[in-house]
Amino acid sequence: MVKFSLENSDVYYLALSEQPKRFDADSPVTNVFFDETNGQVFTVRSGGVTGVTVNSMEESKCTSFRMEDKGPIISIKFSLDQKVLAIQRNNDGQSATVEFVNFKDLTPTNAEYTHTCKWKNAKILGFVWPKANEIAFITDHGIELLQVLPEKKQLKTLKSISFSGAWFSWCSRSNIVVLAGNNGALLQPFFFNNSTINKLQKLELDSSRPVVERDVFILQLCDVTWCAVFRHGHTAVMTTPGPTEIWLMPLSGANGVNYTHILKTGLVGRFALSVMDDLVAVHHQSSQTSQLFDIMEESKVENNTVIHIPLVPGHSMKPAVVDEQLCPMYSGNWVVFQPDYIIDARLGCLWRVNLIPEGLANNVPKDEISKIVAVLLRRKDGKDTVYRILNQLVLYVDIYLVELTKAFDEINSVYRQWAELEVARNTAGLPDCARAGAKAGRGAGRGGGCGVLAQHDICARVLQPHAEHPRIVQVVTAYVASLSRHGLAVGEGTSALCVRALVTGGARARLRALLRRHALADSRPLACQLLSLGHLDRAAAQLAVDMMWRLRAREEIVEVLLSWGEPVSAVGAARQMDEAGWLGLAARKLLAAARLFAETSAGPAAFVAVYHALQARNERLRGSPHFLKGEQCESYIEYYKQVTAEK
């Protein structure tokens with residue numbers, strides 16, 4: 001099978017950030033914590049006595065300070081505005097208490113206070129910051145949402161809700177927390193909004209196959225929040241587990257998003273998830289590979305589920321370098337956090353996972369090129385790679401003409417859907433949530449607008465650079481035909497490029513067919529271009545005149561016919577003009593062209609016909625057939641007398 005590889009491109013499609021954020025490695029005296037909401041790594045040395053260092057990819061969120069060692073720390077997180085630090089410790093009899101320290105300019109103010117959750121004998125499983133001044137205690141008895149009042153050094157209960165949970169998963173991007181109940185057979189999502197707690201529809205799983213904490217992630221993908229659950233396959237032989245599937249079940253988002261997406265990994269073992277640019281990366285430790293899934297691709301819905309396979313074969317991430325040495329990839333020390341963080345506490349490195357768009361176009365089966373183009377069009381940084389793919393397809397169009405046509409169809413389909421959404425939103429006030437629903441629904445997102453390639457861009461970056469290609473006729477014809485299939489008008493620049501390619505390439509029949517089917521719309525600039533190419537192809541000039549006739553450009557037709565030395569036809573066209581146009585046409589111009597034609601073709605008949613037509617016009621205009629002195633027609637009157645006397 002023929003395979004396509006983008007020239008001079010990276011073979012990897014995922015990479016860790018080039019410069020990791022370094023921090024003190026985990027050790028007997030140093031504990032490492034990560035807050036995925038703020039993207040901060042806390043290294044606590046000797047319980048904080050010898051220092052706490054906060055590192056982040058954002059320099060504005062980095063700081064260091066000291067604090068008193070009051071016991072082992074379970075969790076430590078700043079508020080969203082970095083003004084309050086919350087600390088949960090593992091102290092006997094204090095499992096339901098959280099400490100707070102006020103900060104100013106990332107420096108502690110020594111204002112400290114504590115708060116104990118409302119339920120007696122409750123255990124705090126963890127806490128999250130939905131807003132800058134709101135914190136939620138997640139306990140085995142339920143959830144308590146509190147307002148933090150730093151100036152008063154106290155907290156005020158806003159809302160509480162009871163639920164018996166064993167563990168939880170949190171998505172800071174959507175403010176949704178999922179609590180696990182019934183030994184992992186029930187997942188109950190809650191949404192923090194407007195200082196209250198909203199209970200969302202529960203997810204009931206097979207009681208014979210409950211899930212554990214490490215197999216559940218909350219993701220935000222395509223503007224919708226999903227509960228991702230690893231479902232490890234079962235086989236007849238219990239010691240041989242079957243392939244793992246990842247079920248994405250919607251928790252929130254636009255109306256109509258109710259499909260469960262199932263990602264087929266075909267692998268067994270330990271997995272982790274990352275999300276970048278609305279793609280799901282599934283990292284598999286034992287094979288040291290990552291797979292990519294796109295839930296926006298065209299897929300068939302069966303029983304309210306959509307099945308997905310990897311976009312491309314699994315591949316390892318690009319090797320990372322730490323301290324000028326290759327670091328172990330897919331290490332057992334890695335911990336993956338949402339959406340795209342990876343931490344190696346032993347190395348003291350914090351990375352983010354980055355997508356390399358060009359890596360998706362490596363070793364692709366020929367018939368899947370258009371699919372990769374579609375995937376790239378849905379990515380924020382995919383345009384440049386699409387242009388490179390198109391240019392390579394054009395360069396080798398003898399091999400890839402069909403694939404190039406399909407790629408054009410993908411591009412124009414996206415553009416058409418984007419244009420329709422823009423029109424609907426501008427004229428009818430379509431809300432943004434409707435676009436979110438379109439993105440997350442089956443086969444949607446194709447018109448999301450990330451990779452909208454306009455005609456002028458295709459012309460400038462793909463077609464024009466290959467204007468001298470020996471098969472440019474096939475290329476531009478394929479593009480124009482694709483535009484026509486998707487109901488898109490061919491722009492002026494595209495028309496000009498197409499016409500020149502077809503005329504210079506001798507494809508007259510194809511040009512006439514495009515004009516006849518109105519794939520190239522009539523326009524004065526196009527007609528003028530056809531005229532300018534008349535020296536290469538007389539048929540092009542005639543097509544121009546026909547187009548001008550349809551456009552009712554009678555004055556231009558008269559000028560063209562006169563330049564061609566056809567005065568009788570010019571008079572005939574002039575008489576089709578409106579009355580003012582015909583009556584205002586200079587007699588001398590018509591008579592001069594008629595005389596030249598008569599003298600060069602050795603026949604005065606045409607001149608006589610034009611002269612009589614102008615006399616009839618004079619009769620109608622002034623009641624007399626004679627020309628006025630100001631019209632400067634004396635020489636032509638004498639010439640008329642001469643040629644008629646010779647008869």
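General remarks:
- Neighbours by Cβ (under 8 Å, 6+ apart or cross-chain): first from region 266-280, open to solvent by 20 Å² or more (accessible area, probe 1.4 Å); second of a type in the set (Ser, Thr, Tyr) and part of a strand (DSSP E or B): Leu267/Thr244; Val268/Thr244; Gly269/Thr244; Phe271/Thr244
- Residue tally, condition surrounded by fewer than 21 Cβ atoms within 10 Å (Cβ to Cβ), modelled with pLDDT under 90 and within 29 Å of the chain's Cα centre (by Cα), over region 219-249: 0
- Close pairs from region 23-47: first within 12 Å of Met57 (Cβ to Cβ), partner at pLDDT below 95 and among the hydroxyl-bearing types (Ser, Thr, Tyr), Cβ under 6 Å, at least 6 apart: Phe23/Thr43; Gly39/Ser56; Gln40/Ser56
- Of the strands (runs of 3 or more DSSP E) lying entirely inside region 288-377, the ones with 1 or more residues being in contact (Cβ under 8 Å) with a residue 24 or more places away in the chain, open to solvent by 50 Å² or more (accessible area, probe 1.4 Å) and under 19 Å from Leu267 (Cβ atoms) are found at 305-308.
- Subset of region 378-400 (residues that are outside any helix (DSSP H, G or I) and surrounded by fewer than 16 Cβ atoms within 10 Å (Cβ to Cβ)): Lys380, Asp381, Tyr396
- Qualifying residue in region 125-139 (condition: in a loop (DSSP other than H, G, I, E, B) and not β-branched (Val, Ile, Thr)): yes
- Against the list (1) farther than 24 Å from Lys70 by Cα; (2) out of contact with any Lys or Arg (no Cβ under 8 Å at 6 or more places or on another chain); (3) open to solvent by less than 20 Å² (accessible area, probe 1.4 Å), the condition Gln188 fails is (2).
Condition check ((1) touching a residue at least 40 places away in the same chain (Cβ under 8 Å); (2) open to solvent by less than 10 Å² (accessible area, probe 1.4 Å)) across all residues:
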residue	(1), (2)
Thr109	no, no
Thr116	no, no
Lys120	no, no
Leu125	yes, no
Gly142	no, yes
Leu145	yes, yes
Leu149	no, no
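- Residue satisfying condition, being within 24 Å of Val212 (Cα to Cα), of a type outside the set (A, V, I, L, M) and modelled with pLDDT under 85, within set Ser287, Ser274, Ser252, Ser299: Ser252
- Looking across region 71-91, just one residue is under 15 Å from Ser172 (Cα atoms), surrounded by fewer than 17 Cβ atoms within 10 Å (Cβ to Cβ) and touching a strand residue (DSSP E or B) at 6+ places or on another chain (Cβ under 8 Å), and that is Leu80.
- Qualifying residue in region 458-465 (condition: among the basic types (Lys, Arg) and over 22 Å from the mean Cα position of the chain (by Cα)): no
- Matching strands (runs of 3 or more DSSP E) fully within region 11-79 where at least 3 residues are over 32 Å from the mean Cα position of the chain (by Cα): 30-35, 40-45, 51-56, 63-65, 73-78
- Index of the failed condition, Leu590 passing every other in (1) under 16 Å from Glu638 (Cα atoms); (2) open to solvent by 20 Å² or more (accessible area, probe 1.4 Å): (2)
- Residue within region 2-18 that is farther than 30 Å from Glu368 by Cα and either out of contact with any helix residue (DSSP H, G or I) (no Cβ under 9 Å at 6 or more places or on another chain) or open to solvent by less than 70 Å² (accessible area, probe 1.4 Å) (or both) present: yes
- Any hit, region 113-121, residues being among the charged types (D, E, K, R) and at pLDDT 90 or above: no
- Residue in region 625-635 that is without any contact (Cβ under 8 Å) to a residue 24 or more places away in the chain, among the aliphatic types (A, V, I, L, M) and open to solvent by 50 Å² or more (accessible area, probe 1.4 Å) present: yes
- Scanning region 72-92 for residues that are more than 19 Å from Glu36 (Cβ to Cβ) and out of contact with any Ser or Thr (no Cβ under 9 Å at 6 or more places or on another chain) gives Pro72, Lys83, Asn90, Asp92.
- Only one entry of Ser169, Ser195, Ser174 meets the criterion of being open to solvent by 10 Å² or more (accessible area, probe 1.4 Å), under 19 Å from Phe271 (Cα atoms) and in contact (Cβ under 8 Å) with a residue 40 or more places away in the chain, and that entry is Ser169.
The values are calculated or read from the model by the stated rules, or taken from the named source; none is laboratory data. Keep in mind that this is a model prediction, so the values were computed, not measured. Neighbour counts run over all protein chains shown; Cβ positions are idealised from the backbone, glycine included. These area figures cover heavy atoms from the full protein model, side chains too; ligands, DNA and RNA do not enter into them. Shrake-Rupley method; radii C 1.70, N 1.55, O 1.52, S 1.80 Å.
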